[in-house]
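Single-structure report; data block below.
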Amino acid sequence: MKIDYEKLRAEFKSPLYIYDFDDIKQRFLRLKEAFKARKSQLCYALKANSNLSLLKMLVNLDSGFDCVSINEVKRALRAGAKPYKIIFSGVAKTKDELKEALSLNILYINLESKAEMLCLEEVAKELNLKARISIRVNPNVDAKTHPYISTGLHENKFGVEINEAKAMYLYAKKSEFLEPVGVHFHIGSQLLDIKPIAEAATIVATLVKELKALDIELKFFDVGGGLGIDYEKAEEPNLYDYAQSILAALSGLDLTILLEPGRFLVARAGTLLCSVLYEKQTQYKRFVIVDAAMNDLLRPSLYNAYHKIELPYSKNLEPSKCDVVGGICESGDFFAKDRVLPKTKEGEIMLIKDAGAYGFSMSSNYNSRDKICELALENSKIRMIRKRQSFETQIQEEIEFLEE
């Protein structure tokens, strides 16, 4: 479908996000098909993009959900997810969060430390419930990704080492209030090379076999997420090879494979539409200043991440290097540096591509800027799935404390 961006801007104002739901569906089904040879369940990682309309669409595709806060759990449930298809992960779950998760009877809780296991056992005892658990194993495999999103090395804060995991499983087996049902690993985000995933799967599968010899029978083998996209090229990991590498590691084991895709499903589907405000030319640099900023899309500022930029209505044929920047009072507020783009004019539409993951979900009200509107393209129709925030809605939780 050819999108009339001028019409969208006139109706919904700039900047805004638009997501291609049809593309997300197609990616979900492709990934599901790759694992059809074994019992498997896709559990979408809400942290990538947690819009309720998106979650509802995924519920209709029989998706499960990977959540890293109790509010993400409640978002999934609000969208219609079944509790037995929800996993609760994260390194810093509070006692209250654990209590609520147990009360909601979700599939299982991913434990990240012995201290957390003991806390959960105490909570389960208080509620007189048996807590289904999985333990996140840190296999010390280098994911070869950005250090901020690497999670599978000993130096990272996530998970426990193999020997500690084994001791935790033995403790849990003897506990009246813990039931070990799964094992989990997640070595990092934005993975394009499947070899580290295959290596990690083999290491963790060996642990599962050792546990089986100790009469600890697990049901779920959670390979985490992290499957990435190439933001600069159209290349992506081969899903068949990805699936086969994991299936090979599980040879001889009868486990349900759980996957936690986020970025792979939604990143390509998202576009940040913004408008050019000014061109600024100094002695040393050309700047294109737009009405979106780092509070709308943080990835370039945080990771120096690359996003393709398009000017769909540009007629200028004399491109030159420029920095594309927003209006936040930070030198780190940029979408691109030294990017070759045509000369722009005031009001021209700019599209920042592949922004469906970690875009709106990481947005903020920094500089008291309003959060922007979100649209969905589905079955050749476009609809609003989040209203643009207003100043009044932004401050509504503060005004009751103002003095008369």
| For segment 37-262, what is the percent of antiparallel DSSP beta bridges, rounded to the nearest 5? | 5
| note | dims of the chain, Cα set, principal axes, largest to smallest, nearest Å -> 69, 60, 42
| remark: Using the Kirkwood formula on alpha carbons, the hydrodynamic radius of segment 1-63 in angstrom works out to 13.9
| request: Please express the Cα-Cα pair-distance distribution P(r) of segment 37-262 as a list of whole percents, one per 5 Å bin, running from 0 to the bin with the greatest distance. | output: 1, 7, 15, 19, 21, 18, 12, 5, 1, 0, 0
| field | Spin-label model distance (nm) - Leu29 vs Asp230, 7 Å beyond Cα toward Cβ | value | 2.6
| field | Cα centroid separation - segment 211-268 against segment 84-106, whole Å | value | 23
| message | I want to verify a result. In a Gaussian network model of the chain, Cα cutoff 10 Å, which of these has the top mean-square fluctuation: Val160, Val204, Val340? | response | Val340
| task | Identify, among Leu272, Phe158, Ser113, the residue whose Cα sits farthest towards the positive end of the charge dipole of the chain, taking +1 on the Cβ of Lys and Arg and -1 on the Cβ of Asp and Glu, with the dipole about the Cα centre. | result | Leu272
| query | Given the options Gln389, Gln283, Gln41, which has the most mean-square fluctuation in a GNM of the chain, springs set between C-alpha atoms less than 10 angstrom apart? | reply | Gln283
| query | Using θ = phi - 60° and the Karplus curve 6.51 cos²θ - 1.76 cosθ + 1.60, what whole-Hz ³J(HN,Hα) does each residue of segment 296-307 get, with Gly and Pro shown as x? | reply | 8, 9, 8, 3, x, 5, 7, 10, 6, 6, 8, 10
| remark: Short to long, in 5 Å steps from zero, the percent of alpha-carbon pairs of segment 174-257 per bin is 3, 13, 24, 21, 15, 10, 7, 4, 2, 1, 0
| Rounded to the nearest 0.05, what FRET efficiency is calculated for Tyr306 and Asn105 with R0 set to 30 Å and r the Cβ-Cβ distance? | 0.10
| So which DSSP H runs in the chain come out at 24 Å plus along the axis (Cα) with average Kyte-Doolittle of at least 0.5? | 195-213
| query | In whole Hz, what ³J(HN,Hα) sequence does segment 271-278 give by Karplus (6.51, -1.76, 1.60; θ = phi - 60°), x for Gly and Pro? | reply | 10, 9, 8, 9, 10, 6, 9, 8
| note | Residue span Leu214 to Ser361: 0.36 nm per residue of separation minus Cα-Cα distance leaves a gain in nm of 48.7 nm
| request: Considering only DSSP beta bridges where both residues belong to the chain, give the percentage that are antiparallel (nearest 5). | output: 40
| message | At 0.36 nm per residue, and after removing the present C-alpha to C-alpha distance, how many nm does the segment from Asp254 to Ser314 gain when stretched out fully? | response | 16.0 nm
| Given Cα pairs under 8 Å that are at least 6 residues apart, what percent is the relative contact order of the chain? | 18
| field | Cβ charges +1 (Lys, Arg) and -1 (Asp, Glu), total dipole of the chain, debye | value | 1000
| task | Compute the accessible area per residue over the chain, keeping the other protein chains in place, probe 1.4 Å, unit Å². | result | 47
| task | Tally up the carbon and sulfur contribution to the accessible surface of segment 37-262 as a whole percent, 1.4 Å probe, everything protein left in place. | result | 50
| remark: For segment 37-262, the dipole about the Cα centre with charges only on Cβ (Lys and Arg +1, Asp and Glu -1), to the nearest 20 debye, works out at 640
| Gaussian network model of the chain, Cα within-10 Å springs - most flexible of Phe28, Phe12, Phe264 | Phe12
| said: Could you give the length gained by full extension between Gln281 and Asn128, i.e. 0.36 nm per residue of separation minus their alpha carbon distance, to one decimal place? | reply: 48.3 nm
| task | Using amide H atoms built 1.01 Å from N in the peptide plane, name the residues 5+ places from Met350, or on other chains, whose amide H lies under 5 Å from its own. | result | Cys274, Ser275, Val276
| field | Computed [θ] at 222 nm, helices only, for the chain once each DSSP H run of length n ≥ 4 contributes -39500 (n - 2.57) | value | -8500 deg cm²/dmol
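The values are calculated or read from the model by the stated rules, or taken from the named source; none is laboratory data. Remember, predicted model here, so these are calculated numbers, not experimental data. For neighbour counting, all protein chains shown are included, and Cβ atoms are generated from backbone atoms with ideal geometry for every residue, glycine included. The protein model used for the area step is the full one, side chains on, heavy atoms only, and it has no ligands, DNA or RNA in it. Shrake-Rupley method; radii C 1.70, N 1.55, O 1.52, S 1.80 Å.
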